[in-house]
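The values are calculated or read from the model by the stated rules, or taken from the named source; none is laboratory data. What you are looking at is a predicted structure, and each value in this text was computed from that prediction instead of being measured. FYI the Cβ positions are ideal-geometry reconstructions off the backbone, even for glycines, and counts take in every protein chain you see. Accessible surface is based on the protein model in full, side chains and every heavy atom, while ligands, DNA and RNA are left aside. Shrake-Rupley method; radii C 1.70, N 1.55, O 1.52, S 1.80 Å.
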Amino acid sequence: MTTLQVADITVSPDHYIGGRRVASSETFELRSPIDQQVLGRISEGTAEHVEAAIQAAQSAFQGWSAMTAARRKPYLDRFAQEIGKRADAFCLLESNDAGVLLSRMRHGVVPRSMLNISYFAEHALTLQERPIETEQASHIVRHDPAGVTVIITPWNSPLLLSTWKLGPALAAGNTCILKPPEWAPLTCSLLADAAHAAGLPPGVFNVVQGTGASTGAKLVSDPRIARVSFTGSVPTAKWIAQAAGANLVPCSLELGGKSPFLVLEDADIEGAAATAALMYRNAGQVCLAGTRILVHEKVAERFVATMRGFVENLRVGDPREESTEIGPIIHPRQVERVQGFVDRAVEAGAKLLWGGTKHPYGAQYFAPTLLTNVAQDSEIVQNEVFGPVLTLQTFASDEEAVALANGTDYGLGGVCYGEVAHATEVAQAVRTGFIWINSFGIRDLGAPFGGIKRSGIGREGGDWSFEFFCDVKDVVVPKKPFRASFSQR
Ligand code: NAD
């Protein structure tokens with residue numbers, strides 16, 4: 001068995017199929033975004049590994065799906081506990097391969113990932129048969145497990161996003177194949193160790209490492225798959241939806257965003273500016289960040305001055321250091337992409353209020369950037385940058401604010417600062433999957449999460465997760481003896 005040593009943590013670079021580690025002869029290189037150090041080589045999933053994973057998941061489905069939710073729960077509770085036992089390893093691995101802040105891993109991501117598993121194990125107990133009684137018949141409405149589920153996640157928060165899907169998929173009785181992001185695959189591999197130690201039956205949870213265009217594409221194109229749950233970019237989603245659509249396989253798609261951050265005339269400017277600075281978190285590699293600041297013209301100057309104060313104090317640096325607030329960008333290609341967006345915006349007439357270039361800390365660090373004098377139809381306003389780059393536009397009325405907020409093809413999230421009743425009213429008119437009033441990032445596992453327009457299809461969280469991961473079946477028992485008749489409706 002091959003292993004990697006990353007930050008003194010031992011982790012497998014291989015697949016996990018049918019309860020066993022499986023290596024590939026084909027591998028790809030993994031580098032850390034912190035300092036471009038080579039962390040090791042990761043197994044690439046070939047057609048053979050995809051086939052083995054599907055077969056393992058199919059044969060495990062019989063036993064796992066036949067269990068009640070109550071019988072599956074102890075397995076999943078142990079899975080959550082095993083994640084907790086490896087908390088330090090998860091933190092160090094994801095900090096090293098994805099550049100996520102160690103402090104955020106410790107205090108946010110790992111506890112939440114444990115909850116992603118245990119919450120849905122508990123919530124699945126409510127998925128009992130729901131009776132519907134009519135004069136004619138008794139209906140027994142069941143939520144049955146759908147089958148083999150493919151889960152594909154991006155690099156900006158692999159552990160959190162993978163467990164967010166795995167929790168409900170497994171709790172509902174599906175078996176899963178996880179295809180981790182190739183730029184940050186290590187915590188997904190460690191998840192397999194946790195599942196193994198928890199005693200999940202072989203084949204219930206499988207990991208096939210590999211690149212999207214090769215391994216991922218093979219998985220989502222297979223007709224034996226019952227569901228695809230994807231988080232990632234719009235172009236990949238379109239491709240996946242087509243491949244899965246060819247087999248009429250339902251997809252859940254959580255995609256990018258270009259969410260508005262509204263600051264109304266009656267907003268608490270200090271609070272709004274502090275939250276706006278938070279949009280640089282994870283070096284701006286956050287789908288739900290409010291990246292388009294829309295501020296009332298009467299308070300714009302004060303808002304910018306206050307926000308500047310917060311941004312000047314942000315500490316860019318090594319994500320493994322406790323005091324760091326902004327870490328690296330995932331990949332040199334992504335750094336170039338971010339710089340390209342900024343350069344083209346400036347060429348088109350945008351004005352830099354701060355930032356605009358790489359940060360002196362290192363090659364993959366980018367300075368928090370704010371651009372103003374940007375046209376609504378410009379590239380920088382219309383497209384997701386996925387880096388620490390925000391735009392600022394002003395408005396003179398609520399109507400104008402809403403028109404600007406709704407003026408992109410995205411519709412993931414939003415933030416609205418203002419007097420509560422006023423902000424809530426304005427927020428009703430913003431076309432988006434969710435919007436936070438005078439706050440940011442409050443998420444409950446029971447609440448719906450997902451986007452509209454180009455930001456995605458479907459909702460996850462609470463019952464919404466189960467609606468996707470289950471097949472709903474109505475068993476109809478007539479109350480009177482049934483006689484066949486051609487005139488019956
Ligand atoms: P990406 O679409 O390039 O890749 C995401 C995953 O898809 C990776 O695992 C990749 O290997 C895989 N993939 C790529 N091509 C594939 C194919 N043809 N078939 C199957 N799988 C394939 O996205 P990314 O660059 O890794 O992530 C950033 C994007 O994710 C941003 O757009 C961001 O907004 C989005 N995102 C959305 C959410 C959300 O909840 N809405 C959360 C986090 C990130």
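In this entry, Val316 is excluded by the filter for residues that are farther than 26 Å from Ala421 by Cβ, open to solvent by less than 30 Å² (accessible area, probe 1.4 Å) and out of contact with any strand residue (DSSP E or B) (no Cβ under 8 Å at 6 or more places or on another chain). For the stretch 342-357, check the following and say yes or no: at least one residue is out of contact with any helix residue (DSSP H, G or I) (no Cβ under 8 Å at 6 or more places or on another chain), farther than 24 Å from Phe303 by Cα and modelled with pLDDT of 95 or more. Within the stretch 342-357 (the criterion being out of contact with any helix residue (DSSP H, G or I) (no Cβ under 8 Å at 6 or more places or on another chain), farther than 24 Å from Phe303 by Cα and modelled with pLDDT of 95 or more), the answer is yes, since at least one residue qualifies. Across the stretch 206-239, the qualifying residues are those that are farther than 19 Å from Phe469 by Cβ and part of a loop (DSSP other than H, G, I, E, B), and the one among them that is nearest to the ligand (Cβ to nearest atom) is Ser233. When Val338 is tested against (1) part of a loop (DSSP other than H, G, I, E, B); (2) free of Cβ contacts under 8 Å to residues at least 60 places away in the same chain, just one condition goes unmet, and that condition is (1). Scan the stretch 46-55 and give yes if some residue there is buried (at least 21 other Cβ atoms within 10 Å of the Cβ) and among the charged types (D, E, K, R), otherwise no. The answer is no; no qualifying residue exists. Taking only pairs six or more apart or across chains, which ones have beta-carbon atoms under 9 Å, a first residue in the stretch 84-103 that is assigned to a helix (DSSP H, G or I), and a second residue that is of a type in the set (Phe, Trp, Tyr) and open to solvent by 20 Å² or more (accessible area, probe 1.4 Å)? Taking only residues 6 or more apart or on different chains, the pairs are Asp97/Trp155; Asp97/Trp183; Ala98/Trp155; Ala98/Trp183. Scanning the stretch 403-424 for residues that are touching a residue at least 24 places away in the same chain (Cβ under 8 Å), surrounded by fewer than 21 Cβ atoms within 10 Å (Cβ to Cβ) and assigned to a helix (DSSP H, G or I) gives Leu404, His422. Of all residues in the stretch 147-189, those being farther than 16 Å from Val100 by Cα and assigned to a helix (DSSP H, G or I) number 10. In the condition set (1) in contact with a helix residue (DSSP H, G or I) (Cβ under 8 Å, 6 or more places away or on another chain); (2) more than 15 Å from the ligand (Cβ to nearest atom), Pro154 is compliant with all but (2). Of everything listed in (1) more than 16 Å from the ligand (Cβ to nearest atom); (2) of a type in the set (Phe, Trp, Tyr); (3) open to solvent by 10 Å² or more (accessible area, probe 1.4 Å), the single unmet condition for Trp436 is (1).
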